[in-house]
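Scroll down for the structure; my scribbles are underneath it.
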Amino acid sequence: MTLTLEATEAPPRPAPFGRTLTAFTLTAILVSGQLYVVIPLLHDMATGWAASPGGLTWLVTAFGIGYGAGFLLFGPLSDCYGRRRLLMIGLPLAALTTAMVALSPSPEVAFGLRAAQGVAVAMFPPAGMAYLAERIEPRRRVVAIAAVTGAFLASAVVLQVAAQLLVDVIGWRGLFLLSAAGFVAATLGVRAVMLPDLPRESAGSLLSAYRPVPRLLFDRVLSLRYLATIMLMAGFVAVYTGLQIYGVASPDELLALRAAGLPSIVLVPLVMPWLARIPTTTRVVAFLTVGGLALATVGLTGTAVLVGLLALYVAAITGGLPSMNESISAGAGHARGTALALFSFALAVGGSAGPQLAAAFGGFTPLMYGLAVGMAAAALAVLLSALPSTGRR
């Protein structure tokens, strides 16, 4: 999941670019990937607990709920207490809660632990991305933020592929223990590369940091874009969940389908500097339309050309998310940081709703048609948000 904050004044000492980017990119993959890692494990977990794979989609949803709540909580807190301080609390907690998921004796316990895990790992995106915006030298800042944003998206593919390859070797519990070890390594790596927190001016009481939230949520323009963001992310997660629970392909074919989106995730950010010349609203609507058409075509053609269509769909998501981020940032005024925290919250809401959306349709083809309609509705919401000519793009 992604969060980009506007840069503040250049710090007197910039962070080391290569080491910082490596540590933050790998941590971003691990953090965001915890939402998706369960999807390939549903059948194994269901077998171990004598439960239905459809019912266990709540393991994804529970994590997404905690993840979204964490964004709202920790975005303002990182402003008050410092990025490094928050991450040195959050990453060890992520390691602990992830290990506890591996010890879950039942689905019900796992649901609660997944929610706690989501809250813990949610400390990284707002604090980490704000750190990059503050401490990376300006000429390299766009590259750093684009790379870490791409890592959040790539995690959907990387962690699912890794889970599918390793589950037969170490089991689903072993995968969570391996992720916990990854968070321990991330703690050490991030601590080694981060500079001390910058001095911060007092901004009043702790609660004052949250005061802009209601105004932004009920702003007509921003609320429509948040709704479109929820639909965009819900569709993304629902597609991959549908591939797993509806038996669309064999295990080897599923591996190829999951990996199909990775080239798009790598290549699309490279052309974004040229696409940035297109007005933001036009760009968002175009990406949503392309994604909807790709899903509708999947419903019409079945699985024969699914790899190519999924690559096209993922390309639309990869371009649509940063464009939506930009459109929300442009319409937020001085409350840009909080508005982008709400954008990440909308992504988490969509991610948690996606598995339930996939299970509700009862089949892969109806799901594709339904998601295509949802993408069209999201594009319409963005168009409606741009109707008043108030200087927002």
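The values are calculated or read from the model by the stated rules, or taken from the named source; none is laboratory data. No experiment lies behind these values; they were computed from the predicted model shown. Reconstructed Cβ throughout: ideal geometry from the backbone, glycine too, with neighbour counts over all protein chains shown.
Structural remarks
- Whichever residue in segment 163-203 is in contact with a Leu (Cβ under 8 Å, 6 or more places away or on another chain) and without any contact (Cβ under 8 Å) to a residue 60 or more places away in the chain and, among such residues, is nearest to Gly242 (Cα to Cα): Leu166
- Residue that is modelled with the highest pLDDT [pool: residues in segment 62-96 that are of a type in the set (Ser, Thr, Tyr) and surrounded by 24 or more Cβ atoms within 10 Å (Cβ to Cβ)]: Tyr67
- Residue that is modelled with the highest pLDDT [pool: residues in segment 198-221 that are aliphatic (A, V, I, L, M) and not in a loop (DSSP other than H, G, I, E, B)]: Val221
- You will find that of Ser104, Ser52, the residue that is surrounded by fewer than 19 Cβ atoms within 10 Å (Cβ to Cβ) and either polar (S, T, N, Q) or on the phi > 0 side of the Ramachandran plot (or both) is Ser52 and no other.
- One residue alone among Thr20, Thr47, Thr57 is modelled with pLDDT under 90 and of a type in the set (Ser, Thr, Tyr), and that residue is Thr57.
- Total residues in segment 217-245, condition within 14 Å of the chain's Cα centre (by Cα) and among the polar types (S, T, N, Q): 1
- Residue in segment 330-341 that is surrounded by 24 or more Cβ atoms within 10 Å (Cβ to Cβ) and modelled with pLDDT of 80 or more present: no
- Only a single item in (1) free of Cβ contacts under 8 Å to residues at least 40 places away in the same chain; (2) farther than 20 Å from Leu342 by Cβ is not met by Leu91, and it is number (1).
- Complete set of residues in segment 112-140 that are over 20 Å from Ser32 (Cβ atoms), part of a helix (DSSP H, G or I) and either modelled with pLDDT under 95 or touching a Phe, Trp or Tyr at 6+ places or on another chain (Cβ under 7 Å) (or both): Glu134, Arg135, Pro138, Arg139, Arg140
- Some residue of segment 368-380 being assigned to a helix (DSSP H, G or I), modelled with pLDDT of 85 or more, in contact with a helix residue (DSSP H, G or I) (Cβ under 9 Å, 6 or more places away or on another chain) and within 23 Å of Val38 (Cα to Cα): yes
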